[in-house]
Amino acid sequence: MSQVHTTAPGDFWETEPHHHEDGASTSVGFWIYLMSDCLMFAVLFACFGVLGGSYAAGPGPQDLFDLNLIALNTAFLLISSITFGFAMLRMMLNDQRGTLIWLFITLLFGLAFLAVEIYEFHHLIHVGAGPQRSAFLSSFFALVGTHGLHVAFGSIWLVTLMVQVSQRGLIPANRRRLMCLSMFWHFLDVIWIGVFTFVYLLGMI
Amino acid sequence: MAQQHGHTAHHDDAHGHDDGHDHGSFKSYMTGFVLSVILTAIPFALVMSGGFESRLWTALVVVAFAAAQVFVHMVYFLHMNTSSEEGWTMLSLIFTVIVVVIMLAGSLWVMYHLNTNMMPQMNHEALGIGS
């Protein structure tokens, strides 16, 4: 760096800062956040994979899980994914009212998912299969609970964005936020595929 | 990577950048949804009806359906492709998948051997500890 430059720096390097629109790199940044979240879930899945068979002479998956309930939950989350997709399609058409309606339907399905999951957890704890019962149940509650917490915070975020969109309209900042939330929401559905496959279906075979 | 494009390319790209990547269409969302419903219903029906005679086969089929559904979600809902954001999303996804595979396979492998090599006296359940 001590060399003497014989030409103006501009000839070699672009000294003018690149003009990036506000949030031009948001989606790639948010994607990297999702990937880090994915790593966190991978640790919880590994934990469940290691401890999932340690029942400590307590109840196992076949004694506890009700696949009908899980199928219902899966349906709720999958439908909420497609309704969020419809909200994004309305957003692209600048249809604020349509966007809000589809977001509200998404919220209802998200809350239905949470309600079923809370019912399931309540039932498990009620029959004495709480997280302190065995290593299997500790890792089960850690994994499924973390996913449920994500959905809960996603729902709070969804309400926040509905308020923002109804107050400010579909301004570029709100579009960007909706795009991030849609990635987050679809990502949670991907994690749920792992949960219902490895925790519930493989446990019930 | 962005450096190589120079100014003009950047301004041409600018429109594509503001929304991040493509949001799909009604058709692509419906395709993804229908495929997901099918890929979810089959493993559920399989396990609920008792599965194949071989438990291993049932497990393999269920996991294969899950992998297929993750792929469907990535393509139709998250709109993954090799070119979005100049390949950076795909690159970070590949990196994450490699780390996840190492972490999962490594943990299960190591802990399985730790359990089977454990001294018999360490079997807490047989001793009645903690049960």
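The values are calculated or read from the model by the stated rules, or taken from the named source; none is laboratory data. Fair warning: this is a prediction, and the values are worked out from it, not measured in the lab. Note: ideal-geometry Cβ built from the backbone for every residue, glycine included; neighbour counts use all protein chains shown. When the accessible area is computed, the model is the full protein with side chains, heavy atoms only, and any ligands, DNA or RNA have been set aside. Shrake-Rupley method; radii C 1.70, N 1.55, O 1.52, S 1.80 Å.
Could you list, ordered by first residue, the pairs with Cβ atoms under 8 Å in which the first is in the range A:62-80 and more than 8 Å from chain B (Cβ to nearest Cβ) and closer than 22 Å to B:His73 by Cα and the second is open to solvent by less than 10 Å² (accessible area, probe 1.4 Å) and among the β-branched types (Val, Ile, Thr), at least 6 apart or interchain?
Final answer for the pair search is A:Leu77/A:Val151; A:Ser80/A:Thr106.
Can you confirm whether the range A:87-104 contains a residue that is within 9 Å of another protein chain (Cβ to nearest Cβ) and under 28 Å from B:Leu39 (Cα atoms)? Before you say what the answer is, go through the steps one by one.
Looking only at the range A:87-104, we keep the residues that are within 9 Å of another protein chain (Cβ to nearest Cβ), and these are A:88-89, A:91-92.
Now drop any that are not under 28 Å from B:Leu39 (Cα atoms), which leaves A:88-89.
Yes, the range A:87-104 contains at least one residue that is within 9 Å of another protein chain (Cβ to nearest Cβ) and under 28 Å from B:Leu39 (Cα atoms).
Those residues that are without any contact (Cβ under 8 Å) to a residue 24 or more places away in the chain and either open to solvent by less than 10 Å² (accessible area, probe 1.4 Å) or part of a helix (DSSP H, G or I) (or both), I need them from the range A:148-189; list them, please.
The answer is A:Leu149, A:Phe153, A:Ile156, A:Thr160, A:Val163, A:Gln164, A:Gln167, A:Arg168, A:Asn174, A:Arg177.
Can you spot a residue in the range A:36-54 that is touching a residue at least 24 places away in the same chain (Cβ under 8 Å) and of a type in the set (Asp, Glu)?
yes
For the range A:71-89, name all the residues that are closer than 8 Å to A:Trp102 by Cβ and either open to solvent by less than 10 Å² (accessible area, probe 1.4 Å) or of a type in the set (Ser, Thr, Tyr) (or both).
Listed by number, the residues that qualify are A:Thr83, A:Phe84, A:Ala87.
Going by the structure shown, is A:Asn68 assigned to a helix (DSSP H, G or I), under 26 Å from B:Leu46 (Cα atoms) and open to solvent by 50 Å² or more (accessible area, probe 1.4 Å)? Break it down stepwise before answering.
Numbers: assigned to a helix (DSSP H, G or I): yes; under 26 Å from B:Leu46 (Cα atoms): yes; open to solvent by 50 Å² or more (accessible area, probe 1.4 Å): yes.
Yes; evaluated as a whole, the condition is true for this residue.
Report yes if B:Ala59 is buried (at least 16 other Cβ atoms within 10 Å of the Cβ), in a helix (DSSP H, G or I) and touching a residue at least 12 places away in the same chain (Cβ under 8 Å), otherwise no.
In short, no.
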